[in-house]
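To keep things clear, I will list the structure first and then write my remarks on it.
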Amino acid sequence: MRNGMIKKINLVCLVLLAGVTANSQSYNKLHQKAILVDTHNDVLSSAVLDGKDISHRIAEGHSDLPRFKEGGVDIQFFSVFTGPDARNKEGVFKDANQEIDSLESIVSRNRDRMILATDYKKVKVGLRQKKLVALIGVEGGHMIEEDMQKLETLYNRGMRYMTLTWNNSTNWASSAMDETLNPDRLKQKGLTDFGKQVVRRMNELGVIVDLSHTGEQTFYDAIAVTNKPVLLSHSSVWSICPVFRNVKDDQIKAVAKNGGVICINFYSGFISKEFDQRSEWLKGPGKKIFQDSLFSVAKDSAVMKMRWHEYYQEELEKVRPTIAQLADHIDYIVKLVGDDYAGIGADYDGVGSLPIGMEDVTTYPKITEELLKRGYSKKSIKKILGKNVLRVMRANLKYAVAGK
Ligand SMILES: [Zn+2]
């Protein structure tokens, strides 16, 4: 090769390299500058209650304080969760209080880099001080134990959103799981009068009505009653991935009309139809085929269980979605109703599989990169990363709560 040719190739390489660096700098710069709000993280239940200290980088799980920082997270709603069967004999309300105790203890040990916000003013203070702003979201209306006083108590302890249901229905609100998969088990569908009272009281107190996990009837009943914008803290798009608790086009349009926001859940099975179908097949006929084939070599059930688990994971690994597939959910909402109604509610530490490259809370900048690549304006990206949720927070939360 002649010298001139080599120089030319080197120059082309340099220009390309400069282009790549400039691009990575610009998306990182934009990402760090933007306010990133994630509306759903389950680390309180999965790590803290197991005694893991998220003040330091931990090997397991998806989240800890150093990694939130790396991912550019400014505001995080921590999910307070317990299933319908209480962990302790006093019941689910007590479980919720224990999780709030855990969060308070984390915040008190990390006052230099974290703040628990109970009003909008504190959110602003935390942002100004460049601390991680933590808020409490209670995941499941069952935790108020059908008692308005307990709703009030959880509010006084800092609850600033509550999903009306989790997968389980209450006597006053039906869940997406029950409305779709177990309709015969339902005593009633949608919100009862008490359920409507709960929504009204949440509006008055300044607790955001979260409609993730709720059935369609509950969703529409709540939208009709609320006088504030609603949140779907961790739900994806049904038209792309038709699973029971993703949101349909008419629901997306209703949220837009209400001025609310839908925050995309990153779980592979809510992002990719192929992943969901493979997972369902594996749990059903796939499991039987696998067990039959293994029976002659490993009769021991413990071995069988282990092999099955490995096989299940390997098979699902093959169909994990890409970041582009995740961004398709954002795109879908933006194309359907505009860029004011999409947000991020990843569900880190609450899900077993995530899109390739989105393995923990350090990876959020890749969404910014992907949206920039798709031609989104900086203004639009900032809305999706946080401003849309901030708008809903501002409309619901009190500006200042005395004595908090
Ligand atoms: Zn959930």
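The values are calculated or read from the model by the stated rules, or taken from the named source; none is laboratory data. If you're wondering where the values come from, they're calculated on a predicted model, not measured in any experiment. Cβ coordinates were reconstructed from backbone atoms using ideal geometry, including for glycine residues, and neighbour counts include every protein chain displayed.
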Odd one out for Tyr155 among (1) among the hydroxyl-bearing types (Ser, Thr, Tyr); (2) surrounded by 15 or more Cβ atoms within 10 Å (Cβ to Cβ); (3) at pLDDT below 95: (3)
Hits in the range 350-391 - residues which are within 16 Å of the chain's Cα centre (by Cα) and among the β-branched types (Val, Ile, Thr): Val351, Val361, Thr362, Thr363, Ile367, Ile384, Val389
Scan of the range 168-226 for residues that are out of contact with any helix residue (DSSP H, G or I) (no Cβ under 7 Å at 6 or more places or on another chain), within 16 Å of the ligand (Cβ to nearest atom) and not small (Gly, Ala, Ser), ordered by number: Met177, Thr180, Leu181, Asp210, Thr218
Checking Gly343 against (1) farther than 27 Å from Lys52 by Cβ; (2) more than 16 Å from the ligand (Cβ to nearest atom); (3) outside any helix (DSSP H, G or I), the condition it does not meet: (2)
Of all residues making up the range 180-198, the number that are surrounded by fewer than 12 Cβ atoms within 10 Å (Cβ to Cβ) and part of a loop (DSSP other than H, G, I, E, B): 1
Subset of the range 319-337 [polar (S, T, N, Q) and in a helix (DSSP H, G or I)]: Gln325
Filtered residues of the range 155-202 (kept if under 20 Å from Ala395 (Cα atoms) and touching a strand residue (DSSP E or B) at 6+ places or on another chain (Cβ under 7 Å)): Gly158, Met159, Arg160, Tyr161, Met162, Thr163, Leu164, Val199, Met202
Looking only at the range 378-390, and only at residues there that are buried (at least 18 other Cβ atoms within 10 Å of the Cβ), farther than 21 Å from Leu65 by Cα and in contact (Cβ under 8 Å) with a residue 60 or more places away in the chain, the one that is nearest to the ligand (Cβ to nearest atom): Val389
Residue that is surrounded by the fewest Cβ atoms within 10 Å (Cβ to Cβ) [pool: residues in the range 248-265 that are farther than 27 Å from Met358 by Cα and either within 16 Å of the ligand (Cβ to nearest atom) or of a type in the set (Gly, Ala, Ser) (or both)]: Gly259
Selected residue (only one of Ser268, Ser272 is in contact with a Pro (Cβ under 6 Å, 6 or more places away or on another chain), within 16 Å of the ligand (Cβ to nearest atom) and more than 21 Å from Thr163 (Cα to Cα)): Ser268
Some residue of the range 114-121 being at pLDDT 95 or above, more than 15 Å from the ligand (Cβ to nearest atom) and under 19 Å from the mean Cα position of the chain (by Cα): yes
Output for the range 35-70, where each listed residue is free of Cβ contacts under 8 Å to residues at least 60 places away in the same chain, more than 16 Å from the ligand (Cβ to nearest atom) and touching a Leu at 6+ places or on another chain (Cβ under 7 Å): Ile54, Ser55
Test result for Gly137, closer than 21 Å to Leu385 by Cβ and either within 16 Å of the ligand (Cβ to nearest atom) or small (Gly, Ala, Ser) (or both): yes
Single condition Met148 does not satisfy, out of (1) within 22 Å of Gln98 (Cβ to Cβ); (2) of a type in the set (A, V, I, L, M); (3) crowded, with 24+ Cβ neighbours inside 10 Å: (3)
Candidate set from the range 346-377 (those that are part of a loop (DSSP other than H, G, I, E, B) and within 16 Å of the ligand (Cβ to nearest atom)); member that is surrounded by the most Cβ atoms within 10 Å (Cβ to Cβ): Ala346
Selection from the range 80-101 of residues that are in a helix (DSSP H, G or I), more than 16 Å from the ligand (Cβ to nearest atom) and charged (D, E, K, R): Lys94, Asp101
